[in-house]
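Encoded as structure tokens, the structure appears first; notes follow it.
The values are calculated or read from the model by the stated rules, or taken from the named source; none is laboratory data. Every value quoted in this text rests on a predicted model; they were computed, and no experiment measured them. FYI the Cβ positions are ideal-geometry reconstructions off the backbone, even for glycines, and counts take in every protein chain you see.
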Amino acid sequence: MTAPTPPARVLETCVYAADLAAAERFYVDVLRLTPFARVEGRHVFFRAGPGVFLVFAPAATATAPGQVGGVPVPSHGATGAGHVAFAVDEAALDAWRAHLAAHDVAVEAEIAWPRGGRSLYVRDPAGNSVELATPSIWGLDP
């Protein structure tokens, strides 16, 4: 049997937030993501370029399987703050810094990586670490 090829990219990733409304406001108002699906008290899903970013309510998703579009899915769950990094253009970092300040979102850290590229780190309302990073931090094309 031939081994399959490795995955081509990350299709979706998620973080957990007990207060979905606060998380949705942050990701819409601050990060400017577009929500496309929500189930009250369970999840809100966003478009993020060619992928999908999910925010789950941990109490609702960790203990029981759910249904998305009528299809049963296994339970999801994690405890504590997570991390997500969104790709941004290097030329846009100054605009992002100003945009974050205008929304009273403190930049927790700003890193110029030794291999190249930069990152801004902030926290969402649930305490998740949210990174705005240039793809060059991983040697990737913009």
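Which residue, of Ala109, Ala85, Ala126, is of a type in the set (A, V, I, L, M, F, W, C) and farther than 30 Å from Ala62 by Cα?
Only one candidate qualifies: Ala109.
Would you call Ala23 loosely packed, with under 14 Cβ neighbours inside 10 Å and either in a loop (DSSP other than H, G, I, E, B) or aliphatic (A, V, I, L, M) (or both)?
no
Tell me which strands (runs of 3 or more DSSP E) are completely within region 96-142 and hold 2 or more residues being within 16 Å of the chain's Cα centre (by Cα), or say none if there are none.
Correct list: 118-123, 129-133.
Name the one entry in His76, His99 that is surrounded by 13 or more Cβ atoms within 10 Å (Cβ to Cβ) and in contact with a Ser or Thr (Cβ under 8 Å, 6 or more places away or on another chain).
Matching residue, one of His76, His99: His76.
Assess whether Ala92 counts as being over 20 Å from Glu24 (Cβ atoms), under 19 Å from the mean Cα position of the chain (by Cα) and at pLDDT below 95.
yes
Which of the numbered conditions does Phe46 fail, given that it passes all the others? Conditions: (1) free of Cβ contacts under 8 Å to residues at least 40 places away in the same chain; (2) out of contact with any helix residue (DSSP H, G or I) (no Cβ under 7 Å at 6 or more places or on another chain).
So Phe46 meets the others, but not (2).
Determine whether region 44-54 contains at least one residue that is part of a strand (DSSP E or B), of a type outside the set (Asp, Glu) and over 22 Å from Ala126 (Cβ atoms).
no
Looking at (1) exposed (fewer than 11 other Cβ atoms within 10 Å of the Cβ); (2) among the hydrophobic types (A, V, I, L, M, F, W, C); (3) within 19 Å of Leu11 (Cα to Cα), which one does Ala87 not meet, given that it meets all the others?
(1)
Return a yes/no flag: does region 27-37 have any residue that is of a type in the set (Val, Ile, Thr), buried (at least 18 other Cβ atoms within 10 Å of the Cβ), under 30 Å from Pro142 (Cα atoms) and in contact with a His (Cβ under 6 Å, 6 or more places away or on another chain).
yes
Please determine whether any residue of region 108-125 is buried (at least 18 other Cβ atoms within 10 Å of the Cβ), more than 22 Å from Ala21 (Cβ to Cβ) and aliphatic (A, V, I, L, M).
Yes: region 108-125 contains one or more residues that are buried (at least 18 other Cβ atoms within 10 Å of the Cβ), more than 22 Å from Ala21 (Cβ to Cβ) and aliphatic (A, V, I, L, M).
Taking Val15, is it surrounded by 12 or more Cβ atoms within 10 Å (Cβ to Cβ), modelled with pLDDT of 95 or more and not in a helix (DSSP H, G or I)?
Yes, satisfied.
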